[in-house]
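The values are calculated or read from the model by the stated rules, or taken from the named source; none is laboratory data. Small disclaimer: the values here were computed from a predicted structure and weren't measured. Cβ placement follows ideal geometry from the backbone for every residue including glycine, while neighbour counts extend to all protein chains displayed. Areas reflect the complete protein model, heavy atoms only, side chains present, ligands, DNA and RNA absent. Shrake-Rupley method; radii C 1.70, N 1.55, O 1.52, S 1.80 Å.
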Amino acid sequence: MSFETISVIGLGYIGLPTAAMFASRKKQVIGVDVNQDAVDTINRGEIHIVEPDLDMLVSATVQRGFLKAVTTPEPSDAFLIAVPTPFKPIDDAKIPEPDISYIHNAVEAIAPVLKKGDLVILESTSPVGTTEKIAQWLAKYRQDLTFPQQVGEGADINIAHCPERVLPGKVVTELVHNDRVIGGMTRRCSERSVELYKTFVMGDCVITNARTAEMAKLTENSSRDVQIAFANELSMICDELDIDVWELISLANRHPRVNILQPGPGVGGHCIAVDPWFIVSKTPDIAKIIHTARKVNDHKPEWVIEKVNAAIGSYLQKHPEKTAAEVTIACYGLTFKPDIDDLRESPALDIANTIAREHCGEVLAIEPNIKVLPDTTLRLVTIDESLSKTDIHVMLVDHSQFKKIKLNDEFVIDTKGIW
Ligand code: SAJ
């Protein structure tokens, strides 16, 4: 049986582009989201997130009648779950625990409309064992249907984990061209999933089991986190030893088997700073490197703030006629990485907010990708205004606009090495 109607549960950074991609291949796509505003926006052919080329895709598919958004699931041949999997609020002493309640809610919502032959795919990054949990929850809600854990290959409902792996800012291209890991609970579950993704995926669809697929996704992001932690640790060591870390890394990377990533103000976003905890919380006694990398990356913003405080001290020593209240600090960039508008888990935003809270003088923010700042005392200014009045410049995100700035000032903290 082929897939005529496909539902995508969760219309965020992954769900909406995925829904639009299926719709662009002339599938009937039903996007489901609990956020009525997002649903209304999409049904007008507009988008509520920023992602290159997504606006055209959504507008065209809605206009042609292939994509619609609703708040309650409707019957479909396949259901893709792409809801957030954050971690629970923690007290400092503990390891953050994943929060899979959004997945549970999504499963509860689709259960009543499931029918024999349907495929359920978990796309959200999830702790190992979540796909099996979904199967158990569904079996509890729908005792009239059979599931892979009960009958194996011949189950009424097929279930798989196919983690999303696309890079924010390049989602539309990467959805089509990246390889996909397909972790079915049975061979049949995997084969049905490959059939579905082959609607638009040009990369390879590589089959494994659900647990390995869950771990593959967590491993990819943890590997990057560990590599960035190495770069961040080097940057702090080099500062202590008076060595230019950027020059050091470019020299070391000339070795044919060395490829060190770039240090920065810390690691942000909703993936790399979160997913490694899903491994650490499951295997806390074994996941030592992954845990330490998280701690190194999470510590980096504090280190940057210490550098800013030291710079204020040096500035006042050099300008004894001034008081701290007369020192203006500018923070360049607030998003979690360059050339996007996403502030989630952004170390740059945390650093800028902390400086604004602790410094008695003026703190400016320059963020070309954001028009209105969320709850903060920072004042958004243009690059020109900042250059005309700032005493201490703090480079936090290497947006393309900032690379053109030529600074001759003495008091510069450049966490990205672009000046
Ligand atoms: N960063 C550095 N130094 C570097 C590279 C990145 O400090 O050399 C920082 C960035 O500034 C940012 C954070 O790391 O704060 C994460 O940025 P990123 O570009 O590495 O990754 P994300 O979070 O945008 O997307 C990642 C991707 N995963 C991998 O590259 C292994 C993407 O493919 C995943 O789909 C995505 O996570 C996800 O949704 O899980």
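Would you point out the residue of segment 377-419, among those that are aromatic (Phe, Trp, Tyr) and out of contact with any Pro (no Cβ under 9 Å at 6 or more places or on another chain), that is modelled with the lowest pLDDT? Let's see the steps before the verdict.
Going through segment 377-419, the residues aromatic (Phe, Trp, Tyr) turn out to be 402, 411, 419.
Filter once more, so that each one left must be out of contact with any Pro (no Cβ under 9 Å at 6 or more places or on another chain): 411, 419.
Details: PHE411: 96, TRP419: 92.
Applying the filter and picking the extreme gives TRP419.
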message: Please determine whether any residue of segment 346-359 is within 16 Å of the ligand (Cβ to nearest atom), within 17 Å of GLY266 (Cα to Cα), modelled with pLDDT of 95 or more and open to solvent by 60 Å² or more (accessible area, probe 1.4 Å).
response: yes
- request: Among the residues of segment 93-116, write down those that are not in a helix (DSSP H, G or I) and not acidic (Asp, Glu).
  value: ALA93, LYS94, ILE95, PRO96, PRO98, ILE100, LEU114, LYS115, LYS116
- request: Filter segment 310-345 down to residues that are basic (Lys, Arg) and either exposed (fewer than 14 other Cβ atoms within 10 Å of the Cβ) or in a helix (DSSP H, G or I) (or both), then give me how many there are.
  value: 2
statement: Per the filter on segment 360-376, residues under 22 Å from ILE49 (Cβ atoms), open to solvent by 30 Å² or more (accessible area, probe 1.4 Å) and among the hydrophobic types (A, V, I, L, M, F, W, C) are VAL372, LEU373
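Say whether the condition of being in contact with a Leu (Cβ under 6 Å, 6 or more places away or on another chain), in the same structural domain as HIS161 (by TED's automatic domain parsing) and of a type outside the set (Asp, Glu) is met by at least one residue in segment 83-106. Break it down stepwise before answering.
Keep residues of segment 83-106 that are in contact with a Leu (Cβ under 6 Å, 6 or more places away or on another chain), which gives none.
No, because not a single residue in segment 83-106 is in contact with a Leu (Cβ under 6 Å, 6 or more places away or on another chain), in the same structural domain as HIS161 (by TED's automatic domain parsing) and of a type outside the set (Asp, Glu).
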task: Mind telling me which of the residues SER223, SER235 ends up being surrounded by fewer than 16 Cβ atoms within 10 Å (Cβ to Cβ) and either part of a helix (DSSP H, G or I) or not assigned by TED's automatic domain parsing to the domain that holds LYS288 (or both)?
output: SER223
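For segment 259-272, which residues satisfy the criterion of being closer than 13 Å to GLN227 by Cα and open to solvent by 50 Å² or more (accessible area, probe 1.4 Å)?
Step one: filter segment 259-272 for residues closer than 13 Å to GLN227 by Cα, giving 259-264, 266-267, 272.
Within segment 259-272, ASN259, GLN262 meet the criteria.
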- line: Per the filter on segment 44-72, residues in contact with a Leu (Cβ under 9 Å, 6 or more places away or on another chain), open to solvent by 40 Å² or more (accessible area, probe 1.4 Å) and either without any contact (Cβ under 8 Å) to a residue 24 or more places away in the chain or within 20 Å of ALA106 (Cβ to Cβ) (or both) are HIS48
- line: Here the residues within segment 297-309 that are closer than 24 Å to LYS217 by Cα and buried (at least 21 other Cβ atoms within 10 Å of the Cβ) are ASN297
- prompt: Which one of these is more than 9 Å from the ligand (Cβ to nearest atom) and closer than 29 Å to ASP341 by Cα: PRO284, PRO256, PRO276?
  reply: PRO276
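Give the residue, chosen from ASP275, ASP285, that is more than 23 Å from LYS416 (Cα to Cα), touching a residue at least 60 places away in the same chain (Cβ under 8 Å) and either open to solvent by 50 Å² or more (accessible area, probe 1.4 Å) or of a type outside the set (Lys, Arg) (or both). If you could, list the steps in order and put the result at the bottom.
Working: ASP285 fails: touching a residue at least 60 places away in the same chain (Cβ under 8 Å).
Of ASP275, ASP285, the one residue that is more than 23 Å from LYS416 (Cα to Cα), touching a residue at least 60 places away in the same chain (Cβ under 8 Å) and either open to solvent by 50 Å² or more (accessible area, probe 1.4 Å) or of a type outside the set (Lys, Arg) (or both) is ASP275.
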query: Within segment 175-187, is there a residue that is within 16 Å of the ligand (Cβ to nearest atom), touching a Pro at 6+ places or on another chain (Cβ under 7 Å) and not hydrophobic (A, V, I, L, M, F, W, C)?
result: no
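How do the helices (runs of 4 or more DSSP H) wholly within segment 117-202 filter down when requiring 2 or more residues that are surrounded by 20 or more Cβ atoms within 10 Å (Cβ to Cβ): which remain?
Of the helices (runs of 4 or more DSSP H) lying wholly inside segment 117-202, those with at least 2 residues that are surrounded by 20 or more Cβ atoms within 10 Å (Cβ to Cβ) span 130-141, 171-177, 187-197.
Can SER250 be described as within 16 Å of the ligand (Cβ to nearest atom), of a type in the set (S, T, N, Q) and surrounded by fewer than 17 Cβ atoms within 10 Å (Cβ to Cβ)? Show your work before the answer.
Details: within 16 Å of the ligand (Cβ to nearest atom): yes; of a type in the set (S, T, N, Q): yes; surrounded by fewer than 17 Cβ atoms within 10 Å (Cβ to Cβ): yes.
Considered against the rule, which asks whether it is within 16 Å of the ligand (Cβ to nearest atom), of a type in the set (S, T, N, Q) and surrounded by fewer than 17 Cβ atoms within 10 Å (Cβ to Cβ), SER250 comes out as yes.
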message: I'd like the residue in segment 136-174 that is away from the ligand (no atom under 16 Å from the Cβ) and of a type in the set (D, E, K, R) and, out of all such residues, is farthest from VAL113 (Cα to Cα).
response: GLU153
- line: Scanning segment 73-112 for residues that are open to solvent by less than 40 Å² (accessible area, probe 1.4 Å) and aromatic (Phe, Trp, Tyr) gives PHE79
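Out of curiosity, is SER400 within 16 Å of the ligand (Cβ to nearest atom), more than 30 Å from THR85 (Cβ to Cβ) and open to solvent by 50 Å² or more (accessible area, probe 1.4 Å)? Please lay out each step first, then the result.
On the way: within 16 Å of the ligand (Cβ to nearest atom): yes; more than 30 Å from THR85 (Cβ to Cβ): yes; open to solvent by 50 Å² or more (accessible area, probe 1.4 Å): yes.
When the stated conditions are applied, SER400 passes them.
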query: Exactly one of (1) open to solvent by 40 Å² or more (accessible area, probe 1.4 Å); (2) more than 27 Å from the chain's Cα centre (by Cα) is unmet by PHE411. Its number?
result: (1)
